[in-house]
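Worksheet: one structure, shown below.
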């Protein structure tokens, strides 16, 4: 298979190992694993999770839910505040699969009460510190009011429990900071369980971030984990401490189109329309948009020293290289680049080529029309 | 037409006015307009340029060239350093259209000499200050060597002239700074014309950035301009001074999914997979990822004060709003957002809905297989 344009390579064995490792951890900790599929968004990659015993999944949009439902997934949580404009599609999905919705306020509950045609499972999203969205864990007034209403609507809305996404772990690079965030969430979730367990004896507690799920060995105190990025990992997760470089399962292959020895720079065909613009700031304040690796007979090496992607425009990537690194490359070579954020890179690349040369699809590469119900 | 998910709206009249204004300016200045089509990447939008008299276009990839060639464009410049790995496709295109390639070094010229099967037009990319790629305008040793070689290869490579992309104008917000950058480029291009006009009496000078082409009234001293972003403009171009808010021809419509009055925030369904992550830094150091507008009977208003998009994650957009603005919105409303960078937003959205409800395609929304030659 000849690569001629920017291509996202996927090391199947690394991804499968990542999938198996998290599945084993979930079993060891007696928690249900409901992996988030927004990172890969690929029916074929989804099958590798099935092989590892996964039955329940998380997605972030109705379209993504429909896609995986069409590929045989029967237990799907849309972990995004319900978009009430999509009630028609939600109703179709609810007729088809065990659908879990996530609400963050009473207005949404009322729309669901009014417009749902089939029963769904409902979780409330709790904000335990990230402050993006969710009901504050200490906002009992709001929670009491909503849960009173939900109890009445039990026919249509099976209350499942509380979900948290600790996105602020992504800003940490210290295992103790991540453990502290997780402890805080679990503590607050337990307070909630105490308060509402009389009404809802089976209420479930679910957490979602890849750093906590990767780094913390003993995931006690919750019933479910929903990590997603761990299938591929990336430079951001390596920096946080969630993975080693060796566990990053995706790598861009980008053609070298220009070399500027006078300033130690190499220009790649590969820019923000391929990688996205997520950046990793270094301690010295410089920005890294990707780390360079060597291709090997069956994959790629660890990141090289003295060479990295330092800026991206729409189609150009600028690589800064030491004289020793620079002299290795010529026009027409392919350079391997580990991405900063594998979710966004996969979304832009719209598909994968495995290191064995197989093409795997990504939802973003499928015509939108095919999916319109 | 009912909008239920993040949708990129296109005001056809604004875009057509932007297209006509630049076409009129080119005629007034007696320069050839070869607009860059990477901003819209849409066959239908391309037709509006044709109506305004445009015959020659610029693109940034072989795939984009092939797409527009399939839609009847006969004179296409790929304004990106030749990717020598795509010689097969380049040869097919060269058989089909008047193809212009851009080179930045002699290695590429040698590959072209060796592998081209049909004549092409060749320009050298000159670096007059941006320092991304291109041959330094004062590097006569390199230029002499390359042009000597190109002269010999005249059968296959019709030397066309010099192209510049002054990307550093994007960092300015002062008409004099932009004029100075343009003067510097034109001066350096004229030095080159003087040096090589004996050998190449018809050599052409071409510049490309939207800020210079939008802001400078008298585009003297060059033969061709290649702006692209001006078809839609965006918040970045408004900040630079290239356009007014009123000339921005695209606007995102995003569902409101959560409201947090306690901290004055609204959560949108609309994140970095819809907008991209380009950011506009304010004077006070805060980041803006989009400005909010009201929808009107036939389009949208000027940006509102006291409300803006302040952060983006994969699917979430966080809007900060004053109490007066906040109270206008409820769950399930659509919010209008002017994008920071229309090229990247269009690429991610994979298509447009005109304010009249018509769907227009974007190359990124087409299956890649269809385009494989």
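Structure notes:
- Search result, residues across segment A:26-37 that are surrounded by fewer than 22 Cβ atoms within 10 Å (Cβ to Cβ), in contact (Cβ under 8 Å) with a residue 60 or more places away in the chain and assigned to a loop (DSSP other than H, G, I, E, B): A:29, A:31
- Apart from one condition, residue A:273 fits all of (1) more than 10 Å from chain B (Cβ to nearest Cβ); (2) more than 14 Å from residue A:319 (Cβ to Cβ); the exception is (1).
- Taking the criterion of being touching a strand residue (DSSP E or B) at 6+ places or on another chain (Cβ under 9 Å) and either more than 16 Å from residue B:197 (Cα to Cα) or in contact (Cβ under 8 Å) with a residue 60 or more places away in the chain (or both), the residues of segment B:133-148 that qualify are B:133, B:134, B:135, B:136, B:139, B:142.
- Unique match (being touching a strand residue (DSSP E or B) at 6+ places or on another chain (Cβ under 8 Å), within 14 Å of chain B (Cβ to nearest Cβ) and surrounded by fewer than 19 Cβ atoms within 10 Å (Cβ to Cβ)) among A:228, A:264: A:264
- Tally, over segment A:132-164, of residues that are farther than 22 Å from residue A:88 by Cα, out of contact with any helix residue (DSSP H, G or I) (no Cβ under 7 Å at 6 or more places or on another chain) and part of a loop (DSSP other than H, G, I, E, B): 4
- Segment A:342-360, residues that are in contact with a strand residue (DSSP E or B) (Cβ under 9 Å, 6 or more places away or on another chain) and more than 23 Å from residue B:277 (Cβ to Cβ): A:353, A:354, A:355, A:358, A:359, A:360
- Residues in segment B:347-373 that are assigned to a loop (DSSP other than H, G, I, E, B), closer than 20 Å to residue A:85 by Cβ and within 11 Å of chain A (Cβ to nearest Cβ): B:350 only.
- Of residues in segment B:312-341 being under 16 Å from residue B:286 (Cα atoms) and in contact with a strand residue (DSSP E or B) (Cβ under 6 Å, 6 or more places away or on another chain), the one farthest from the other protein chains (Cβ to nearest Cβ): B:321
- Once segment B:288-311 is narrowed to residues that are assigned to a loop (DSSP other than H, G, I, E, B) and at pLDDT 95 or above, the residue that is nearest to the other protein chains (Cβ to nearest Cβ) is B:289.
- Condition check for residue A:176: closer than 23 Å to residue A:281 by Cα, more than 21 Å from the chain's Cα centre (by Cα) and in the same structural domain as residue A:35 (by TED's automatic domain parsing): yes
- Yes/no for residue B:344 being surrounded by 22 or more Cβ atoms within 10 Å (Cβ to Cβ) and at the interface with chain A (Cβ under 8 Å from one of its Cβ atoms): yes
- Check on residue A:260, over 26 Å from residue B:126 (Cα atoms) and modelled with pLDDT of 95 or more: no
- Residues considered: B:234, B:278. Of these, the only one that is surrounded by fewer than 24 Cβ atoms within 10 Å (Cβ to Cβ), touching a residue at least 40 places away in the same chain (Cβ under 8 Å) and either within 14 Å of chain A (Cβ to nearest Cβ) or in contact with a strand residue (DSSP E or B) (Cβ under 8 Å, 6 or more places away or on another chain) (or both) is B:278.
- Cβ-Cβ under 6 Å pairs, at least 6 apart or on other chains, segment B:77-97 side away from chain A (no Cβ under 13 Å), far side surrounded by 23 or more Cβ atoms within 10 Å (Cβ to Cβ) and in a helix (DSSP H, G or I): B:93/B:65
- Count - residues of segment B:260-276 that are within 22 Å of residue B:245 (Cβ to Cβ) and not in a helix (DSSP H, G or I): 4
- Test: residue A:285 is on the phi > 0 side of the Ramachandran plot, at the interface with chain B (Cβ under 9 Å from one of its Cβ atoms) and not in a helix (DSSP H, G or I): no
- Selection count, segment A:237-261, where residues are surrounded by 21 or more Cβ atoms within 10 Å (Cβ to Cβ), in contact with a strand residue (DSSP E or B) (Cβ under 7 Å, 6 or more places away or on another chain) and more than 29 Å from residue B:136 (Cα to Cα): 5
- Residues of segment A:174-190 classified as out of contact with any helix residue (DSSP H, G or I) (no Cβ under 6 Å at 6 or more places or on another chain) and farther than 16 Å from residue A:134 by Cα, total: 8
- Residues that are buried (at least 22 other Cβ atoms within 10 Å of the Cβ) and touching a residue at least 40 places away in the same chain (Cβ under 8 Å), drawn from segment A:174-188: A:178, A:181, A:185
- Set B:171, B:197: member being surrounded by fewer than 17 Cβ atoms within 10 Å (Cβ to Cβ) and farther than 19 Å from residue B:133 by Cα: B:197
The values are calculated or read from the model by the stated rules, or taken from the named source; none is laboratory data. Bear in mind the structure is a predicted one, so any value in this text is a computation, not a measurement. Here the Cβ is made from the backbone with ideal geometry for all residues, glycine too, and neighbour counts use every protein chain on show.
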